[in-house]
1. Using just the helices of chain A, give the 222 nm mean residue ellipticity in deg cm²/dmol: DSSP H runs with n ≥ 4 each add -39,500 (n - 2.57), and the total is spread over all residues, rounded to 500.
2. Evaluate the relative contact order of chain A (contact order divided by residue number), counting alpha-carbon pairs under 8 angstrom at least 6 apart; express in whole percent.
3. Taking the alpha-carbon set of the stretch B:386-518, what are its Rg and Dmax in Å?
4. Suppose accessible area is computed on protein heavy atoms with a 1.4 Å probe; arrange B:474, B:66 from highest to lowest.
5. Quick one: dipole size for the protein assembly as shown, taken about the Cα centre, charges +1 on Lys/Arg Cβ and -1 on Asp/Glu Cβ, in debye to the nearest 20.
6. Amide H of residue B:59 versus every other amide H placed in the peptide plane: which residues, excluding those fewer than 5 positions away on the same chain, fall under 5 Å?
7. Which whole-number value in Å³ per residue fits the convex hull of the alpha carbons of the stretch B:141-189?
8. Percent of alpha carbon pairs in the stretch B:31-108 separated by more than 17 Å?
Amino acid sequence: MLAYLTRRLTSLILSLAVASLEIFLVVEVAPGDPARFMLGINARPDTVAALRAELGLDVPRVERYLAWVGGMLTGDFGTSYTYRAPVTEMIADRLWVSLPLALYALALSTVLAFPAGLLAAAKRGRAGDYGVMAGTQLGIAIPNFWFAMLLVLLFAINLGWFSAGGFPGWENPALAIKSLTLPAVALALPQAAILARVLRSALIEITGEDFMRTARAKGLTRGQALWRHGLRNALIPVLTILGLQFSFLLAGAIIIEQVFFLPGLGRLIFQSISQRDLIVVESVVMLLVFAVIMVNFLTDLAYAIVDPRLRRRA
Amino acid sequence: MTSSDTAHSSRGRGGQRPPHGSERASDPTTLLRARDLKVTIADHPVIHGISFDIAPGEILALTGESGSGKSMTALAVMGLLPDRANATGSLTIGDGENLLALPEKKLCTLRGREMGMIFQEPMTALNPVQTIGRQVSETIRIHTAVPAREAEIRAAEMLARVGLPPDRFPLSRYPHELSGGQRQRVGIAMAIALRPRLLIADEPTTALDVTTQAQILDLLKSLVAEEGMSLLMITHDLAVVSDMADRIAVMNKGEIVEEAPAAQLFREMRHPYTRTLFEASQHRADLPPEQPRTEPLLKVEGARRAYALPRTRPFTARPTFEALKGVDLTLHRGERLGLVGESGCGKSTLTRAILGLEPLQGGTITAFGQQVSPDMPAATRAGLQVVFQDPYGSFNPRHRVRRLIAEPLHLLSDPPQGRARDEAVAEALTAVGLSPDDADRHIHAFSGGQRQRIAIARALILRPEVILFDEAVSALDVRVRAQILDLIADLSRDYGLAWLFISHDLTVVRSITDRVLVMQEGRIVEEGPTAQILDAPTHAYTRKLVAAAPRLPEIGKIST
């Protein structure tokens, strides 16, 4: 187990190093000079040069890269070109919306998917299964922003239970959670549909395994065998999907953020790209990469907890 | 144990009576009674109304080829038939109700308590993510109200009973930490944890090595003798049950064609099918006489192969496992060489090394004077062909037979095209007893034996001088196996083919090789003429192998 952990950790650090280098290079070679963009096309060359010096764009690339990485390691992400504000604070503000939203949606998706997947697998080929399959097909087919608009229409406009958008901040946690509920549901529904289908097919595959027959030969009912012996074995693909979903939810919520006027990471990165605010783009992307790699690391750990055979291999 | 059941005074099976007791007196002691058992799968009949009895403490062997319905019979008794299957007739245990009429809920209370079952594949029959202690104690916990702690104590007792004492095999072990034989013992412990009256074993030793097989068979025998269980033993291998079963029932196409006490069955063999099976199991291929040895085609000298294992702790050197510890082997032109040994002895590694699929860490392999290695020239590779064990897994299901057989042709510098290619395929198919028309079909249209013929055709199309047969007949039914062995013998006669025949089955090796090598833990421990080695082994390991191999009673007593 220790060897497994060391190996995973080493690969995590290496991935981060490679990712930071790639992000820096890609953003560097992207066309468009932030200084020129900020000053407009009619700016005089010496003004542009002055701004470049001020933004630190005139030092060699290697130094800039090292300064950037060093800054990130100490929690200093630099200063935004456009807003002239510390990037760390900008990201932190947005993260307080995006992270809870992603976790909220992930929790909802899991809570919805597990009973649905188990039900469909247990009732395979019968009404319950068809119901779940039809529902999840719909969940996958309909885009989440459409769900979002329907939710707003029903729960915000007609019933008035929730507000139609905006985020009041965390001073009042109950209110904050309430305002995140509709976006979380809109995000969770398609994810739950995918997860339920993955769980169903994993369980059905497991049902055909020899050890499930052994379990039945001991006197377990179908349901007991599925619950006691099937579920844990079916968790590996489910964990994989969960890991992918979290990464997606963290940054991919941009449309939902727009629909609900939420100040999240997705909107921040969208704005920064259109304004050539490279330092913000780099930092947010790096942060997302970090999140994805961390989630993968945690998924790997979860694999090892679920499946004892993986603790030995690496 | 069972109360009297005199309703069934007549067995109605034409004097084929179990050896226990006589007529009526024996009836109350019938444990499992099957009457007119019929099974259909998706309305297609697979068992056509069979009847049999098992007395308490009796071992009944149900034998036959694949598809004969023997496993379906076992699953019908357990109530674990596939979803689309339907069973009619009557199956009773003791004075209980007809199992086939019981609701699923009631059956669940009987499975594991009244009847336990052991399956063929110990590698997959256990849940990989649960400890063995938990899996054995589960049988106890779902049927009785004992506390978890006590169930564990009883599970430990059961594991000790099947030869896995808790000091060496703690309950916290996971299945992947055990060998195949040990896993099968865990499977047996789960099945007998509540001492059911009926134990069903479906090919319990087919996936095991001969020495392990002998141990598991001994264990089953002692369980029957000491715990008073009845055993329904399903096997395709007559030799396995010949000195174990009290009675043997031979199944063919969903019917029991002959049933008799074991000794009587082997003596009389009333049904022609029984005799066919028996003869096929000890079939000797008609191998053309051995030619004097000429030049060596294949030479393995001091071959060493080590695999790096995962580190046990960070920043230490990776431990290695030596699969080949210096193997020497010479195969001459036209020679028929055998290689025997148990799983894990290095047979497969050696095969892969000879095929140039594995690099060596020491020693050399030369074929036709050329060095064999993973990057050897295609021409050398073309001379070494192989037939694998699994006729189901070794073909791409989406390709037609033509393409499958013609595949090795790309090794030639100037592969035949168009007509010439088709002719080569047709010739290879004809050589293995198939029709050239079969080239346009897909592999799923063929039976196991036909697939193995296609595998041989694929190996033959390059006219190699050497073919490696890696357990090439192990997955086949005895009658098909006999045919394939004959076909291989013909290849020696017609093409002067030399082969290395790798098998765990000593009977097969005896039938198809002149010389044999015995391999143990990466070394060749004994070699010599096949008959001499198998009849008078000198190395202790060979002696153990030969002693453990199941043997059929002498065929000489049977009139032909």
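1. Mean residue ellipticity at 222 nm (helix-derived): -24500 deg cm²/dmol.
2. Relative contact order here is 28 percent.
3. Cα-based Rg and Dmax for the stretch B:386-518 come out at 14.4, 45 Å.
4. B:66, B:474
5. 1160
6. Result for residue B:59 returns B:231, B:246, B:247.
7. 80
8. 43
The values are calculated or read from the model by the stated rules, or taken from the named source; none is laboratory data. Values in this document were obtained by computation on a predicted structure and should not be read as measured data. Neighbour counts are summed over all protein chains in view; Cβ atoms, including those assigned to glycine, are modelled from backbone coordinates with ideal geometry. Note: areas computed on protein heavy atoms with side chains; ligands, DNA, RNA excluded. Shrake-Rupley method; radii C 1.70, N 1.55, O 1.52, S 1.80 Å.
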